[in-house]
Amino acid sequence: MVMFSLEILLISVLAGIVGSVLGLGGGIIVTPALTLLFGVSIEHAIGASIISVIATSSGSAIAYIRDRITNLRVGMFLEIATTVGAITGAFIGGLIAPNLLYIIFGLLLVYSAVNMIKRKKGAQQEQVSMHPAAAKLKLAGSYYDKAAQQQISYNVGNVYGGFGVMYGAGIVSGLLGIGSGSFKVMAMDVFMKLPLKVSTATSNFMMGVTAAASAGVYLLRGDIDPHIAGPVALGVLAGATIGAQIMQRLKSKTIRMLFIPVLLYVAFQMIYEGVGL
C-alpha cells in the first residue's frame, strides 16, 4: 500500500507540472494513469481527477495571481458562461446525442490546434484591437514576462466568440462530465487573442472554481477514495507549484509547442469516442 501511494504521488507530481504549465489541470494525466497503470476503477479515477484539478489550481493560481499574470476579470466573466452552460447541459442531457457533441467539439479542438500552429510562427504577440465589450468591462491588462524580461500590455478581442466557446464548453462539461481546460485556453488564446501565458494562468484559476463546485457531488456519491485522492492531491499540489515557476520562465512559443500535441490528443480522443470505435 505504501509503494502504491508513493507511485501515485510521483505520477501526480508530473501531472501537476504539466497541468500548471499548460492550464489544463492534472486530470488529463491522472485519470488515464490511475485506470491504465494502477487498475483503479473509472469512478474513483474521475473522483481523484476532480481533486487533482482543485490541487493544480490551488498550487499555481496563488503564484500566477501574485505575479499578476492571471486576468481575474476575464476569468470571472468567462466563468459565467461555463456555469450557465453546465446548467444548460444538465437540462438538455436527453435531447442531444453525446456522440454528436464529442465529434463537434473534437473538430473544434482540431481547428483551434491548426490556428495555434499558424500563430506559433510569429514570435511576437500580435496586435489586437480592443473589443468594445472588453473596453466596457475593463478586461485589458498587463504582466511582466520573466522569459522576455519585459512588461507586456495586451488588449482583448472577440469577447462574444470567447464567451460562446466557454458556454459550449460548459454544456459539454455538464453533459459528459469531462474537464474543459483545453476549451478555456482555446477560448482565450484563439478567440480572444490573449497572450498564451495569461490564457493558461487564467484557465488554472477558473478550473479550481468549477471543480470545487462539483467536488461535493462526487464526495456524496462515494467516488472520492482518500487512499487514492490523498496522494494525488499532495503530488499535484507540489507539481503545480513547481510548474508555476517553470511556466513563467518559458517562452510563449515553447508553451504553444507543448500545448498543441496535447490539444490534438484530446481532440482525437473525443472524435474517437464520438464515432464509437
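The values are calculated or read from the model by the stated rules, or taken from the named source; none is laboratory data. Since the structure is predicted, the reported quantities are computational estimates derived from the model, not experimental observations. We place every Cβ from the backbone using ideal geometry, glycine too, and count neighbours over all the protein chains shown. With ligands, DNA and RNA removed, areas are computed over all heavy atoms of the protein, side chains included. Shrake-Rupley method; radii C 1.70, N 1.55, O 1.52, S 1.80 Å.
Relative to the compact globular guide of 2.2 N^0.38 Å, what is the alpha carbon radius of gyration of the chain, as a ratio?
Values: Rg = 17.8 Å, N = 277, 2.2 N^0.38 = 18.6 Å.
It is 0.95.
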With x for Gly and Pro, the residue-by-residue ³J(HN,Hα) of segment 102-116, computed from phi through the Karplus equation 6.51 cos²θ - 1.76 cosθ + 1.60 at θ = phi - 60° and given in whole Hz, is 4, 5, 4, 6, x, 5, 5, 5, 4, 4, 5, 4, 4, 5, 5
In deg cm²/dmol and to the nearest 500, what is the mean residue ellipticity at 222 nm of the chain if only DSSP H runs of at least 4 residues count, each as -39500 (n - 2.57), divided by the residue total?
-24500 deg cm²/dmol
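In Å², what does the accessible area per residue of the chain work out to with a 1.4 Å probe? The partial results should precede the final answer.
Details: 12590 Å² over 277 residues.
I get 45 Å² per residue for the chain.
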Share of segment 163-277's accessible area from carbon and sulfur, percent, 1.4 Å?
70 percent
Quick check: residue separation of Leu107 and Lys251 times 0.36 nm, minus the Cα distance between them. What number comes out in nm?
49.1 nm
Net charge, Val156 excluded, C-beta distance under 10 Å - Lys, Arg +1, Asp, Glu -1:
+3
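Relative contact order for the chain: what is it in percent, counting Cα pairs under 8 Å that are at least 6 residues apart?
Over the chain, the number comes to 40 percent.
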Which one, Asn204, Leu220, Ile255, is farthest towards the positive end of the dipole of segment 195-277 when Lys and Arg carry +1 and Asp and Glu -1 on their Cβ?
Ile255
Consider a paramagnetic label point 7 Å from the Cα of Glu7 along Cα→Cβ; state which residues of segment 212-234 have an amide N under 19 Å from it.
225-234
So, over other residues within a Cβ distance under 14 Å of Ala48, counting Lys, Arg +1 and Asp, Glu -1, the net charge is -3
Report the charge-dipole magnitude of the chain in Debye, nearest 20, computed about the Cα centre from +1 at each Lys and Arg Cβ and -1 at each Asp and Glu Cβ.
1160 debye
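Which of the peptides 111-118, 219-226, 73-80 is most tightly packed, and how do the rest follow, going by the mean number of other Cβ atoms within 10 Å of each residue? Before the final figure, lay out each step's value.
Working: 111-118: 16.1, 219-226: 13.8, 73-80: 19.6.
Order by mean packing, descending: 73-80, 111-118, 219-226.
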Show me the ranking of peptides 23-33, 249-259, 143-153, 43-53 by mean Cβ neighbours inside 10 Å, starting with the highest.
23-33, 43-53, 249-259, 143-153
